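Engineer: Dropping a structure here in C-alpha cells format, bear with me for questions.
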Amino acid sequence: MTSTQTNDQTSTDNAPLLRPHAEQRYAEELAALARLDERTRPASWRLSPWAVVTYLMGGTLEDGTVITPKYVGNRRLIEVAVATLATDRALLLLGVPGTAKSWVSEHLAAAICGTSTLLVQGTAGTSEEAVRYGWNYARLLAEGPSQAALVPSPIMTAMGTGRIARVEELTRMPSDVQDALITVLSEKTLPVPELGTEVQAHGGFNLIATANDRDRGVNDLSAALRRRFNTVVLPLPASVEEEVSIVARRVEDLGSALQLPAAEGALEEIRRVVTVFRELRQGVTEDGRTSLKSPSGTLSTAEAISVVTNGLAMSAHFGDGVLRPLGRGRRDPRGGGERPGGRSGGVVGVPGGRGARAPRLVRLLPRLP
C-alpha cells in the first residue's frame, strides 16, 4: 500500500459518520432504558412498550438520565403505533412528505429490536425479490436450488430472527410487488417453493411501512393489503413553536455531524423560515389578513431543515458566521422571484410573486465582504 493510500485510509477511519443509525447514536439512552425498564416486554422486544414510547417522546429516568425527544407531537399517536407493533398487525405510517415517517420508523425499530437496518426501500424499480428472497446465481447454476444459494430479503431475515422489518415508500413500489406482502402479513410465513420449505415468523417479528399519497408516481394499496395494516397518520406540526423546536433540534444534529460551527442568530432565522413555510402551506399570512397562493411543493418541515442547514454552511464557509436575511434583490428577469444584487450570496428560500400579496423571501445566506 502506498503512502497516499495509507493516508487516505487513515483520514477515512478518523472521519465521523455522517448519519449514524438510531441504535448507534442513541445507544446510551437505549441502554439506560433497558437497565431501568421493569415492565412487561413482548416476545423478543428489548424494551417494554412504555419504554419505547419514552424513548420516542423523551423524559427523565429515575437515575437522572435524560432521554431526548425523537418525535415532537401527539404522544397518543406514538402509543397507538407501539401498541400496534405489540400485536400481529403491521403498522403503516401515513402522511404528507416531511412529517417524520421514516424518522419515527427508524427509531421504533431501533428501540424494539436493536436494529433499524432491516430495510426495503420502495421505488418504481423495486422487484419482488427485495420483498421475498433472491438467489446467488453463480451458486444456483453450479449447485441448483439450495439453502446456500438463497439470498434472504430483509423481511425474510426479520421473520427468522423475530425482529422489525421496515419498508420505506410502500406506495412507490409496483402493485404486484406490494401484494407479495399479503402472505407475510396474514399467514406470517414466506414459502420457498424451489426448496419445498418455508420461513415462519418468530415472536417479535412485525413490519413498519411508510407511505404518502401526495407525490406523483404513487401506486395505491390494494384493499387486501391495506386491511392488514393499522394506519397511523402523522400530521404536520400543530403550532409554530412545535415546528421551530423540531427544526432547531434537527439543524443542531446535522450541524454537529457536518462539523459546522454554531451560527449567531440561528433561532431567529429558523423562526422566520418556519413562519413563511407555514403561511405558504396554509395560504394565508399569520395575522390572517392576506391570502397567499400556495405553491405546488409541500414546504414541509424537512425542507425547512434543509434550507436552514444550507444557510449555516454558507454562513460558516463564505460569511461572517452570522445567520441573517439579506436585503431585497433585483427582480429575476425570468419571472416569478428575485435574485440578490451586488456581491451578496445566492438565495435560499421561497421566491415570491409580484404585488402586495407576494410572500416574503427568506434569505439565509450571509452578505459577502
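Engineer: I need a count of the residues in segment 139-158 that are within 27 Å of E23 (Cβ to Cβ) and part of a helix (DSSP H, G or I).
Structural biologist: 5
Engineer: From (1) of a type in the set (S, T, Y); (2) at pLDDT below 80; (3) surrounded by fewer than 14 Cβ atoms within 10 Å (Cβ to Cβ), pick out the condition that doesn't hold for S291.
Structural biologist: Looking at each condition in turn, S291 falls short on (2).
A quick yes/no check of all residues on (1) in a helix (DSSP H, G or I); (2) buried (at least 17 other Cβ atoms within 10 Å of the Cβ); (3) out of contact with any helix residue (DSSP H, G or I) (no Cβ under 7 Å at 6 or more places or on another chain); (4) of a type in the set (A, V, I, L, M):
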residue: V247; (1), (2), (3), (4): yes, yes, no, yes
residue: R272; (1), (2), (3), (4): yes, yes, yes, no
residue: R278; (1), (2), (3), (4): yes, yes, no, no
residue: L299; (1), (2), (3), (4): no, yes, no, yes
residue: T309; (1), (2), (3), (4): yes, yes, no, no
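Engineer: Restricting attention to segment 203-226, does a residue exist that is at pLDDT 95 or above and at positive phi?
Structural biologist: Yes; the residues of segment 203-226 include at least one that is at pLDDT 95 or above and at positive phi.
Engineer: Also: Go through (1) within 30 Å of P16 (Cα to Cα); (2) out of contact with any strand residue (DSSP E or B) (no Cβ under 8 Å at 6 or more places or on another chain); (3) at pLDDT below 90 and name the single condition V274 misses.
Structural biologist: Evaluating V274 over (1) within 30 Å of P16 (Cα to Cα); (2) out of contact with any strand residue (DSSP E or B) (no Cβ under 8 Å at 6 or more places or on another chain); (3) at pLDDT below 90 leaves (3) as the failure.
Engineer: Which count do you get for residues in segment 26-49 that are surrounded by 14 or more Cβ atoms within 10 Å (Cβ to Cβ) and under 22 Å from H202 (Cβ atoms)?
Structural biologist: Number of matching residues: 11.
Engineer: Let me ask another. Can you pull out the residues in segment 25-48 that are touching a helix residue (DSSP H, G or I) at 6+ places or on another chain (Cβ under 9 Å) and either of a type in the set (A, V, I, L, M) or over 22 Å from G64 (Cβ atoms) (or both)?
Structural biologist: Those that are touching a helix residue (DSSP H, G or I) at 6+ places or on another chain (Cβ under 9 Å) and either of a type in the set (A, V, I, L, M) or over 22 Å from G64 (Cβ atoms) (or both): L30, L33, A34, L36, T40, R41, P42, S44, W45, L47.
Engineer: Which residue pairs have Cβ atoms closer than 8 Å, lie 6 or more positions apart in sequence or on different chains, and pair a first residue in segment 6-24 that is under 26 Å from L118 (Cβ atoms) with a second residue that is modelled with pLDDT under 85 and part of a helix (DSSP H, G or I)?
Structural biologist: P16/A257; L17/A257; L18/A257; R19/A257
Engineer: Further, regarding this structure: For residues that are among the β-branched types (V, I, T) and crowded, with 21+ Cβ neighbours inside 10 Å, scanning just segment 73-104, find the one that is nearest to G59 (Cα to Cα).
Structural biologist: The selected residue is I78.
The values are calculated or read from the model by the stated rules, or taken from the named source; none is laboratory data. Not measured: the values here are computed from a predicted model. Quick reminder, even Gly has a Cβ in these numbers, built from the backbone with ideal geometry, and neighbours come from all protein chains shown.
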